[in-house]
Structures are given as C-alpha cells and as structure tokens.
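A short write-up of the structure that comes next.
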Amino acid sequence: MTSLPLGAHVDQEDPIAEARARSADLAQFFLGDPQGWKGPVVAYEGGAAALTAAASEAGIGLYVHAPYVINVATTNNRIRIPSRKLLQQTVTAAAEIGALGVIVHGGHVLKDADLDTGFDNWRKAIDQLDMACPVLIENTAGGDNAMARHLDRIERLWAAIGDAEGGDTVGFCLDTCHFHAGGEELSSVVDRVKAITGRIDLVHANDSQDGFDSGRDRHANLGQGQISGDDLAAVVRSAGAPAIVETPGGSDGQGADVAWLRQRLA
Ligand SMILES: [Zn+2]
C-alpha cells in the first residue's frame, strides 16, 4: 500500500538536509522571519532555483509556513493591510520554489469586533490573492475571537471564502494540537471538518503539552503529551493527507516522531 508522505517543520537554511536527517518525505519551513514583516527570503544557498532542483532530486516535497504576524481577518487596518501584502509575497515566493502549499493561520478579530467582519475580511483577502501556490488555512488553539478555533467558526469562514474568486481552491490544514487545546474532540474531528470544507490537505501532527480546551498552543513530541496516541494516529489515517510534525527536539526528536507516525500508519 502507498504510505502517506510524512515530514517535519525544519530550519530554512537547508531544508533538504534537515528532511533527510529525519527520514522525512516533506520539509516545511519559513521564508525569512516568522515574527517579522520584512517579506520572504530564500535562505538556501543558490536561492529558489537551487532549492527547487535539490528538492526534486531528493524527492522531498516542500511546504511554506507563512509568518505568524499575518492576520488577514483583523479589523485593525494597520495589521490587515500589511498582512494581505505579506501573504501575497509569501505565496509568490513559495510558487518560485515549487512549494506544495502555503500554510496560514485563520487569524482573529479584535475584542468586541463583529465576527462577520473578520470572515468578510478573509473573503476580500482571497478575492485579491493571486494563488500561484495553494493556500491552506490552519486551525488555531486559543482566543475567543479566532476565525478557525472551533468548527462553527470554520463553517462561517468557509462560507465566506466560498464567495471569493478562487475560494473553492483554498485548502485546510488540520493541526491536532490546536484542535485538542482548542476544545474540539479529535476522535470525530476529521469527519466534522470534511463535512464543512470537503477536504483536508495537510495534517500538522503534534501532541499537546496542555489539556483539552486549555486554549494553549504548546506542541509536544508524539505520544508524550496529553493527546491519546491512538486518536492522533487515527486523525492522520482518516484525513488521508500528508502529515508534518512541528515538534521539539531537532532532528532526533522529530526523527523519532516521524518514525512513530510511520509505524502507526503502516
Ligand atoms: Zn501547526
């Protein structure tokens, strides 16, 4: 049987070597500073073309995680407008390295702001976006004003972006730590997500240091946090999508997590 591609979130300097060190099929990384507005850079020696060629030769698929500062939903103009610009720059740069997708968090609106405005801001952002590379929206763990913490919000988000040009091509990235800490039961979450989005394009397979519905986003190595190992493996299996670990411990810790998943999925 064909196995699902597995990978890890790695350092951007040499994602190919990092993936190999973890026996991974996929490498996810940032293009530049995840906490900054400066715009994407390809840190790999030789730049975008060299990275594309090396990835193709090694048979490693690339994913780009967009900077954390991006929040296209917010009602704060001074964040929303640069967020749209940085998301576009990131998608364009990701396309240049032949990435399989750009993962971006669902974001949130300001306290007391109207949630509908946030969903409509997502619609406008997608409308304007040139999706040279697929965009995958990821669920997040915390906050009362999040666009993609709970399923009822994800349903409203999907309805909103469905009205955008190209909205039907937007994908979903399911993070197991975020759903657990966010307060959604993992045992049923794949079916509930697919009922809304019709798709799961990528799984972020992370254990959680914190309890169910804690709202805290602290990843743990697989089988070592508060998520049942059976539930975690079942999410990846039933999602039927590639999976990436964003766990601590460098190549040793993540290599063990990739091996853990491979064994559970075999
Ligand atoms: Zn994640």
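Laid out as a table, the results:
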{"quantity": "Filter result for the condition that a residue is under 18 Å from C173 (Cα atoms), outside any helix (DSSP H, G or I) and more than 16 Å from the ligand (Cβ to nearest atom), over A73, A113, A8", "calculated": "A73"}
{"quantity": "Residues of region 134-163 that turn out to be touching a Cys at 6+ places or on another chain (Cβ under 8 Å) and on the phi > 0 side of the Ramachandran plot, as a count", "calculated": "0"}
{"quantity": "Matching residues, region 57-70, being part of a loop (DSSP other than H, G, I, E, B) and within 16 Å of the ligand (Cβ to nearest atom)", "calculated": "A66, P67, Y68, V69, I70"}
{"quantity": "Enumeration of residues in region 246-266 that are polar (S, T, N, Q) and within 18 Å of the chain's Cα centre (by Cα)", "calculated": "T247, Q254"}
{"quantity": "Residues (more than 18 Å from the chain's Cα centre (by Cα) and not in a loop (DSSP other than H, G, I, E, B)) located in region 119-154", "calculated": "F119, D120, N121, R123, K124, D127, Q128, D152"}
{"quantity": "Meets criteria (outside any strand (DSSP E or B), in contact with a Ser or Thr (Cβ under 6 Å, 6 or more places away or on another chain) and either modelled with pLDDT of 95 or more or within 27 Å of R149 (Cβ to Cβ) (or both)) for R80", "calculated": "yes"}
{"quantity": "Long-range neighbours under 7 Å by Cβ, at least six apart or interchain, first residue touching a residue at least 40 places away in the same chain (Cβ under 8 Å) within region 186-214, second of a type in the set (D, E) and within 13 Å of the ligand (Cβ to nearest atom)", "calculated": "H204/E138; H204/D175; H204/E246; N206/D175; N206/E246"}
{"quantity": "Residue match in region 22-40 (condition: of a type in the set (G, A, S), in contact (Cβ under 8 Å) with a residue 40 or more places away in the chain and within 20 Å of W260 (Cα to Cα))", "calculated": "yes"}
{"quantity": "Some residue of region 222-244 being without any contact (Cβ under 8 Å) to a residue 40 or more places away in the chain and either touching a Pro at 6+ places or on another chain (Cβ under 9 Å) or buried (at least 22 other Cβ atoms within 10 Å of the Cβ) (or both)", "calculated": "yes"}
{"quantity": "Positions within region 74-113 being charged (D, E, K, R) and touching a helix residue (DSSP H, G or I) at 6+ places or on another chain (Cβ under 9 Å), in sequence order", "calculated": "R80, R84, E96"}
{"quantity": "Region 12-36, residues that are surrounded by fewer than 15 Cβ atoms within 10 Å (Cβ to Cβ) and within 16 Å of the chain's Cα centre (by Cα)", "calculated": "P34, Q35"}
{"quantity": "Contacts under 8 angstrom Cβ, first residue in region 130-144 being closer than 20 Å to E185 by Cβ, partner modelled with pLDDT under 95 and among the basic types (K, R), 6 or more apart", "calculated": "D144/K111"}
{"quantity": "Given (1) among the small types (G, A, S); (2) free of Cβ contacts under 8 Å to residues at least 60 places away in the same chain; (3) under 30 Å from A53 (Cα atoms), index of the condition A93 fails", "calculated": "(2)"}
{"quantity": "Residue selected from region 246-266 under the condition part of a loop (DSSP other than H, G, I, E, B) and of a type outside the set (S, T, Y), by the criterion surrounded by the fewest Cβ atoms within 10 Å (Cβ to Cβ)", "calculated": "A266"}
{"quantity": "Filtered residues of region 11-21 (kept if without any contact (Cβ under 8 Å) to a residue 24 or more places away in the chain and not in a helix (DSSP H, G or I))", "calculated": "D11"}
{"quantity": "Residue ranges of helices (runs of 4 or more DSSP H) in region 165-245 with at least 3 members within 13 Å of the ligand (Cβ to nearest atom) and either under 15 Å from the mean Cα position of the chain (by Cα) or small (G, A, S) (or both)", "calculated": "176-182"}
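Condition check ((1) of a type outside the set (A, V, I, L, M, F, W, C); (2) touching a Phe, Trp or Tyr at 6+ places or on another chain (Cβ under 9 Å)) across all residues:
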position: G198; (1), (2): yes, yes
position: L202; (1), (2): no, yes
position: S214; (1), (2): yes, no
position: Q224; (1), (2): yes, no
position: Q263; (1), (2): yes, no
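The values are calculated or read from the model by the stated rules, or taken from the named source; none is laboratory data. Remember, predicted model here, so these are calculated numbers, not experimental data. Glycine gets a Cβ as well: all are built from the backbone with ideal geometry, and neighbour counts include every protein chain shown.
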